[in-house]
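Accompanying notes for the structure given below.
Quick note: the coordinates plus some simple rules give every number you see, no bench work behind them. No experiment lies behind these values; they were computed from the predicted model shown. All Cβ positions, glycine included, derive from the backbone under ideal geometry; neighbour counts span all protein chains shown.
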Amino acid sequence: MNNLWKKKSASTPAPQIRKVYIPDDPKSKPAPLKSKIRENQALAQRQRDASAGSSRNHSSPSTSRDSTRLQVRTKRKALRQKSPSTQHFSDDDDEDDDDDNDANGDGVSSPAASEKRQRRENSGPVDLKRKLRSRKAFSEEEGTSFAMIHAADVISDERKAKLGGSKDSSDDIIVELKYPNASQRERFKLVTARDEIDAYEEIIKIAEIVTDVYLTPEQAKPFKDQNGGYIRRLERARNMKQPKDFKEAVKSYNAAIDNLNKGGILAENLDSKHHMPLVMVQRILGQVYDRVVSPKVESLRKYENGSDNVYGELLPSFVHDLLTEVGLKSDQVFVDLGSGVGNVVFQAALEFGCESWGCEMMQNAYELADAQKKEFGARCRLWGVAPGRVHLQGANFLESKPIHEAMKQADVILVNNHVFTPQTNRSLVDMFLDLKDGCKIISMKNFVPDDHVAKRNADDPVNILDVIKKGHYYAGSVSWTDDPERYYIAKKRSFAEAE
């Protein structure tokens with residue numbers, strides 16, 4: 001054996017050192033916004049499931065609905081565009097804070113980062129004037145039925161055409177979910193079609209939010225118990241792919257919520273709260289978007305390149321951070337100039353309870369915003385919460401008198417001017433002369449040139465703006481890019497300060 005090993009060694013050529021050029025991988029194009037968000041959601045959910053330990057027997061990622069959709073989506077176009085969800089965000093003051101960014105190197109925040117965001121979300125000053133409960137939602141005086149789009153009725157226009165206009169199948173199992181209110185329930189279809197709402201996922205998430213937000217820790221025990229709690233029964237039926245068992249689990253959950261509601265416990269608990277968790281804000285906004293915008297999202301692709309009419313969205317977590325940073329309160333006024341389908345307008349009204357205005361000149365986007373407004377009101381009633389008043393204008397904000405009047409009262413203005421022409425940005429600065437002192441303006445491009453010197457341009461209207469923050473946003477914060485870019489916060493000075 002020793003001789004054989006020596007012979008083999010002798011016959012082996014001596015190692016040589018050579019320089020080998022390996023070209024860099026070409027920069028991949030960002031994945032479509034909604035599919036990438038769903039990938040992040042699926043990965044994040046699998047991380048949370050794995051961290052929960054062996055006591056929770058979740059389905060394998062390889063067979064989950066999200067992972068299946070990810071495998072298919074590269075081969076054909078998605079029929080429905082899902083609602084915006086999560087993204088990464090930071091500013092100049094915390095660029096080295098790795099916990100808030102891609103802690104796992106895969107575009108998904110780690111559980112520790114999620115917990116840190118939750119602590120940061122709850123660490124700010126509480127707006128004691130903010131009242132969450134909708135009295136109408138917990139009263140039967142105005143009836144218990146109202147117009148809304150049920151999940152079971154949502155289907156894309158393209159899918160509907162393929163099915164000959166039909167929405168239902170004889171094999172569909174319909175369940176009705178009770179929300180924390182005194183009125184109607186929502187119908188869901190227990191299907192796993194790629195272009196329809198995942199009833200299993202949504203019902204479980206709703207139950208988790210209701211348990212965390214509307215119940216005390218003691219009241220939540222029957223819902224969170226890992227051996228036979230209401231949520232655990234829902235998860236088990238989903239994981240075992242037993243739609244009939246899932247339907248029975250929903251009935252048990254509904255009965256428990258009904259009992260709490262009839263005793264006035266849900267309303268009483270909600271009265272004690274002045275803050276809506278971001279996860280609840282995202283869920284409600286996502287429901288509105290999925291039922292109104294997603295089935296008709298193709299209409300948003302009709303825009304004019306090289307003009308002010310290019311559609312793009314700021315995503316919910318980014319909006320939350322921006323509006324929290326400027327200190328938006330329930331007794332203030334918010335204005336979004338170029339509001340698209342209204343997502344930010346609704347978020348400001350829902351999360352902060354303020355009066356919220358939006359103006360959009362693209363007709364297709366405005367029509368979707370107006371449709372979202374109706375569903376937004378219904379969703380808030382369904383959840384038993386009271387948002388701030390919402391006003392939408394389908395007009396050019398440079399010419400709209402209602403918007404000009406709203407701007408004079410505004411405490412916070414958002415301008416997604418990323419693709420605005422220089423002329424439009426200049427016209428906006430002229431409009432800012434009428435803002436009240438101290439009004440804060442959030443923009444994606446700076447209205448004040450970097451080389452601007454006020455003393456040399458004494459009559460320039462831009463002198464009334466004091467740029468108080470230059471921050472960074474990162475991948476997943478906006479719909480038009482994954483590249484890190486800046487945002488700006490300016491404050492309207494008094495004319496005395498500007499001189």
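Compute the FRET efficiency between residue 396 and residue 298 as 1/(1 + (r/R0)^6), taking r as their Cβ-Cβ distance and R0 = 25 Å, and round to the nearest 0.05. Each step should come with its number before you reach the end.
On the way: r = 24 Å, r/R0 = 0.98.
My answer for the efficiency is 0.55.
Can you pull a Stokes-Einstein diffusion coefficient for the stretch 252-365 at 4 °C (1.567 mPa s), Rh from Kirkwood over Cα pairs, as a whole number of µm²/s? Before the final figure, lay out each step's value.
Details: Rh = 16.3 Å.
The calculation lands on 79 µm²/s.
When averaged across all projection directions, what area in nm² does the alpha-carbon convex hull of the stretch 297-498 cover?
Working: hull surface 45.5 nm².
Seen from a random direction, the Cα hull of the stretch 297-498 projects 11.4 nm² on average.
With the crude spin-label approximation of a point 7 Å out along Cα→Cβ, what separation in nm comes out for residue 433 versus residue 226?
About 6.6 nm, to one decimal.
Tell me, 440, 262 in order of fewest to most beta-carbon neighbours within 10 Å? If you can, show how the numbers build up before the last one.
Working: 440 22, 262 10.
Going from sparsest to densest Cβ surroundings: 262, 440.
Please list, in order along the stretch 325-334, the HN-Hα scalar couplings obtained from phi with the Karplus expression 6.51 cos²θ - 1.76 cosθ + 1.60 (θ = phi - 60°), rounded to whole Hz, x for Gly and Pro.
5, 8, x, 4, 10, 5, 9, 10, 10, 10
Would you please give the residues with an amide H less than 5 Å from that of residue 134, counting only those at least 5 places away or on a separate chain, with H modeled from the backbone geometry?
Here the answer is 385, 386, since their amide H atoms fall under 5 Å of that of residue 134.
How do 252, 299 rank when sorted from fewest to most other Cβ atoms within 10 Å of their own Cβ?
Working: 252 13, 299 16.
Lowest count first: 252, 299.
Relative to the present Cα-Cα distance, how much length would full extension add between residue 426 and residue 201 at 0.36 nm per residue of separation? Walk me through the numbers before you get to the answer.
Values: separation 225, 0.36 × 225 = 81.00 nm, distance 4.67 nm.
Fully extending the segment from residue 426 to residue 201 adds 76.3 nm.
Can you sort 404, 320 from fewest to most other Cβ atoms within 10 Å of each residue's own Cβ?
Details: 404 14, 320 20.
In order of increasing Cβ crowding within 10 Å: 404, 320.
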